[in-house]
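Let me begin by presenting the structure, written as structure tokens, before commenting on it.
The values are calculated or read from the model by the stated rules, or taken from the named source; none is laboratory data. For clarity, every value in this text was computed on a predicted model and none was experimentally measured. Using ideal geometry, Cβ is built from the backbone for each residue, glycine included, and neighbour counts are taken over all protein chains shown. Just so you know, the surface numbers come from the protein's heavy atoms only, side chains and all, with ligands and any DNA or RNA stripped out. Shrake-Rupley method; radii C 1.70, N 1.55, O 1.52, S 1.80 Å.
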Amino acid sequence: MAALTPNQRLRRLELTVTRRLDGLLHGQHHGLLPGPGSEAAGSREYRPGEDEVRRMDWAVTARTTVPHVREVDADRELTTWLLVDASPSMEFGTAELDKRELAVAAVAAVGFLTAGTGNRLGAQVLGPAGLRRFPARGGRTHLLGLLRALLDAPRTGGPAADQPAGAAGPPPGFVDALAAVQRVATRRGLVVLVSDFLDELPDDPAAPAPWEPALRRLAARHQVLAVEVTDPREWELPDVGLITLTDPETGRRREVWTGDPGLRERYAAAATAQRDQVRRLLRRCGAGHLALRTDRDWTADIVRHVHAQRRLATAPAGAARGGAA
């Protein structure tokens, strides 16, 4: 992919999305994450652990003595806001793609699969130099322009390498980016976060992340899908002898002897615990979760996610309770 021109890379990405994913999402509003919409469409039985109490249909519940929730049709037009993490940690990769390229692929999938008449897509891109804003607009030209900007963005070459000279204070973090999305996403819609979710992740697995309150506020108003991007070397270390590990965010380096099996086991256990921590944080915030890896078929992972969401959205209440048991 690196040997291709930006236009060739963009064309290949578009073909990958449209050929492999097109047709999976029939209609304009039942895509990567089924949305609650806004128009009443009857009631159904309440599903514990799945439905929000605020959607309770108290009239039907009182009449039937069985808890029911209101069902709604999706809005006629969908506005999708993307928050794309382009921090230095996203430039890491040891497979066919690095994490930033996989993030661009995820953005392409969201853009092409939520495209439709009247639908709009906007983005906030978080990099060391700050937040770059792309207003919500419709159309293929707008989406291709966003993808081209992401593909053409220069690499940082080190921690905060492209921070403007004389910039006051630290660069914005994930908390600032979430707040920026909340300011522009004034109408209820879909918010997609594409990140490795490592920014300010607390060492204590039981402690809340600094960005958790901001994400909770977003999820209270919008449908939120968190696309977690990882690389296999973030899960386990290979036995390759002495290596130098570098923190892409701070530039700190440390030499590690990977021939020690105990070290590799501890690393893998710590990595698994860290990813479990991210999943729990996202679940507590009410966000959907789609995990993508640079060494996996990302289109297949998206397909599985879509199918799972559709089964959950269309399953009868009794079947859903039985499956949960």
Output for the stretch 280-297, where each listed residue is surrounded by fewer than 21 Cβ atoms within 10 Å (Cβ to Cβ), part of a helix (DSSP H, G or I) and within 14 Å of the chain's Cα centre (by Cα): Arg283
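Take Arg321 and decide whether it is modelled with pLDDT under 90 and loosely packed, with under 15 Cβ neighbours inside 10 Å.
No.
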Top-ranked residue in the stretch 234-272 [being in a loop (DSSP other than H, G, I, E, B) and at pLDDT below 90; ranked as most open to solvent (accessible area, probe 1.4 Å)]: Arg252
All positions within the stretch 201-229 that are assigned to a helix (DSSP H, G or I), under 18 Å from Thr80 (Cα atoms) and open to solvent by 10 Å² or more (accessible area, probe 1.4 Å): Arg216, Arg217, Ala219, Ala220, Arg221
Looking only at the stretch 96-116, and only at residues there that are touching a Lys or Arg at 6+ places or on another chain (Cβ under 9 Å) and either open to solvent by 20 Å² or more (accessible area, probe 1.4 Å) or assigned to a loop (DSSP other than H, G, I, E, B) (or both), the one that is nearest to Val229 (Cα to Cα): Arg100
Answer from Thr61, Thr79 - the residue that is open to solvent by less than 30 Å² (accessible area, probe 1.4 Å), at pLDDT 85 or above and under 24 Å from Leu218 (Cα atoms): Thr79
Flag if Asp176 is free of Cβ contacts under 8 Å to residues at least 60 places away in the same chain and surrounded by fewer than 16 Cβ atoms within 10 Å (Cβ to Cβ): no
Enumeration of residues in the stretch 51-67 that are part of a helix (DSSP H, G or I) and farther than 30 Å from Ala287 by Cβ: Ala59, Ala62, Arg63, Thr64
Residue in the stretch 282-297 that is over 19 Å from Val104 (Cα atoms) and acidic (Asp, Glu) present: no
Any hit, the stretch 289-300, residues being of a type in the set (A, V, I, L, M, F, W, C) and modelled with pLDDT under 90: yes
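Table: residues versus (1) on the phi > 0 side of the Ramachandran plot; (2) touching a residue at least 24 places away in the same chain (Cβ under 8 Å).
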residue	(1), (2)
Gly241	yes, no
Pro248	no, yes
Gly259	no, no
Arg264	no, yes
Cys285	no, yes
Thr294	no, yes
Asp297	no, no
Ile302	no, yes
